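**Student:** Handing you this structure, nothing more for now.
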Amino acid sequence: MSKPATPADPNCPFLRACRCEPADHTPIWIMRQAGRYLPEYREIRSKVSFLEMCRRPELAAEVTLQPIRRLGVDAAILFADILLVVEPMGAGLEFSAGTGPRILRPVRDGRAVDALQAVEVSASLGYVFEAARLVRAGLPRQIPLIGFAGAPFTVASYMIEGGASRDYVHTKSLMYRDSGAWHALMERISTVLIDYLNGQIDAGAQAVQLFDSWVGALSPGDYREFVQPHSARIIAGLRPGVPVIHFGTGAATLLELMRDAGGDVIGLDWRIELADGWRRLGNGVGVQGNLDPTVLYSDPPEIRRRAKQVLDQAGGRPGHIFNLGHGILPTVPVDHAIALVDAVHEMSSR
Ligand code: CP3
């Protein structure tokens, strides 16, 4: 059984930044920080499949804690995957080496949407909540735990395409041909995601991030019509007082619409300058980002120089959470990730 949880300090730098309050340094965490670039992750992964790692709370908790020990980041993110919710809905999920995630029964029409199952999250995804409890019990008070889910568009497009896609032909076909089925699918997914995220919060997450990794495929008009109401419903349905980070990639043209859907902090990728993005978003929200992940393939002096450019764009304004613009890549040298965290802490300390 899990030990009693130590609550996180609401005044730690990460949670202060989520509320746009000043902090003694700019907090940093790294998307995908629990992953393959860490030898201690690969060691466990060499013995256990990815899905099994997710389903065994003690393993998921261990790999969640690894980057806290190794990098000294200011927040932990729960080790799980945005696609875990797809399985109890009945679409089937497989991770195979090299090809990434695969949905076994893609959902491409109204009948398939109707056939999806309702999900009782504590019964089918309780292993994620148990991992969150174990992580919280193993974290110091200064380090909050971030829960997460895929945003409904990104989850829906995986369910429809069956895997990664370049043109989103099946996704957009459903949207344009049968908007009723599209909205029904988005509602089904959103209902599960609200319960799933609230379950993570109840188990010990102090903040949550919605990953809309694929949303950049949409025009602003399509985002407004087909996505925004659903993302907004999810964010409005979460436990009050828990900060939400709303992240998209390739979404520079959608920032205001994403902000209007909700979130205390908007995640920016590197395709927009942080200062421009923040100006467009206005004063009411924080920003997270936005170093190009491939900068970590340069060397520590260049990493530091580039990190300083990002910090300068933020200008010390309260409400900046440092991160990469997207996930850390699996072949990055660990020392370079450590150099980034150290540089951000040192250059931003106030
Ligand atoms: O950030 C973290 O460290 C927490 C863990 C996390 C994972 N996936 C673990 C994982 C998070 C936040 C995710 C989110 C996720 N999963 C997203 C959104 C973020 C993004 O990067 O855009 C997406 C699109 C997925 C779906 C997914 N899962 C993909 C595309 C892959 C990669 C396939 C591959 O082998 O390259 C995964 C697998 C996955 N999820 C791994 C990890 C650590 C690698 C699995 C392994 O060890 O083989």
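For every residue, the table says whether it meets (1) over 22 Å from T154 (Cβ atoms); (2) surrounded by 15 or more Cβ atoms within 10 Å (Cβ to Cβ); (3) of a type in the set (D, E, K, R); (4) in contact with a Phe, Trp or Tyr (Cβ under 6 Å, 6 or more places away or on another chain).
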site: P39; (1), (2), (3), (4): yes, no, no, no
site: E43; (1), (2), (3), (4): yes, no, yes, no
site: C54; (1), (2), (3), (4): no, yes, no, no
site: E58; (1), (2), (3), (4): yes, no, yes, no
site: A61; (1), (2), (3), (4): yes, yes, no, no
site: L65; (1), (2), (3), (4): yes, yes, no, no
site: D74; (1), (2), (3), (4): yes, yes, yes, yes
site: F79; (1), (2), (3), (4): no, yes, no, no
site: L93; (1), (2), (3), (4): no, yes, no, no
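**Student:** Give the residues of region 172-186 that are farther than 19 Å from F247 by Cβ, outside any loop (DSSP other than H, G, I, E, B) and not small (G, A, S), sorted by residue number.
**Tutor:** Our first condition is that a residue be farther than 19 Å from F247 by Cβ; within region 172-186, this holds for 172-185.
With the extra rule that they be outside any loop (DSSP other than H, G, I, E, B), the set shrinks to 172-177, 179-185.
Scanning region 172-186 gives K172, L174, M175, Y176, R177, W182, H183, L185.
**Student:** Let me ask you something else. Looking at region 217-227, is at least one residue in a loop (DSSP other than H, G, I, E, B) and either touching a residue at least 60 places away in the same chain (Cβ under 8 Å) or under 26 Å from Y176 (Cβ atoms) (or both)? Talk me through it step by step, then tell me what you get.
**Tutor:** Filtering region 217-227 down to residues in a loop (DSSP other than H, G, I, E, B) leaves 218-219.
This time we only want the ones that are either touching a residue at least 60 places away in the same chain (Cβ under 8 Å) or under 26 Å from Y176 (Cβ atoms) (or both), so: 218-219.
Yes, region 217-227 contains at least one residue that is in a loop (DSSP other than H, G, I, E, B) and either touching a residue at least 60 places away in the same chain (Cβ under 8 Å) or under 26 Å from Y176 (Cβ atoms) (or both).
**Student:** Evaluate the following for E225: is it within 22 Å of G110 (Cβ to Cβ) and in contact with a His (Cβ under 6 Å, 6 or more places away or on another chain)? Give the derivation first.
**Tutor:** On the way: within 22 Å of G110 (Cβ to Cβ): yes; in contact with a His (Cβ under 6 Å, 6 or more places away or on another chain): no.
So E225 fails the test.
**Student:** Can you report the number of residues in region 92-128 which are within 14 Å of the ligand (Cβ to nearest atom) and of a type outside the set (D, E)?
**Tutor:** The total comes to 11.
**Student:** Residue check, L83 against (1) in a strand (DSSP E or B); (2) near the ligand (Cβ under 9 Å from one of its atoms), all met but one. Which one?
**Tutor:** L83 satisfies every listed condition except (1).
**Student:** Moving on. Quickly run through region 285-302 and pick out the residues that are surrounded by fewer than 16 Cβ atoms within 10 Å (Cβ to Cβ) and out of contact with any helix residue (DSSP H, G or I) (no Cβ under 8 Å at 6 or more places or on another chain).
**Tutor:** Result: T294, P301.
Each row is one residue, and each column tells you yes or no for (1) within 15 Å of the ligand (Cβ to nearest atom); (2) part of a helix (DSSP H, G or I); (3) more than 28 Å from A112 (Cα to Cα).
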| residue | (1), (2), (3) |
| --- | --- |
| Q142 | no, no, yes |
| F148 | yes, no, no |
| A156 | yes, yes, no |
| D167 | no, no, no |
| R188 | no, yes, no |
| N198 | no, yes, no |
| D202 | no, yes, yes |
| F211 | yes, no, no |
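**Student:** What about S165, is it at pLDDT below 95 and either touching a strand residue (DSSP E or B) at 6+ places or on another chain (Cβ under 9 Å) or of a type in the set (S, T, N, Q) (or both)?
**Tutor:** Considered against the rule, which asks whether it is at pLDDT below 95 and either touching a strand residue (DSSP E or B) at 6+ places or on another chain (Cβ under 9 Å) or of a type in the set (S, T, N, Q) (or both), S165 comes out as yes.
**Student:** Scan region 191-209 and give yes if some residue there is surrounded by fewer than 24 Cβ atoms within 10 Å (Cβ to Cβ), at pLDDT 95 or above and of a type in the set (S, T, Y), otherwise no.
**Tutor:** Checked against the condition, which is being surrounded by fewer than 24 Cβ atoms within 10 Å (Cβ to Cβ), at pLDDT 95 or above and of a type in the set (S, T, Y), region 191-209 yields at least one hit.
The values are calculated or read from the model by the stated rules, or taken from the named source; none is laboratory data. Note that the structure is predicted; figures quoted are calculated from it, not measured. Neighbour counts are summed over all protein chains in view; Cβ atoms, including those assigned to glycine, are modelled from backbone coordinates with ideal geometry.
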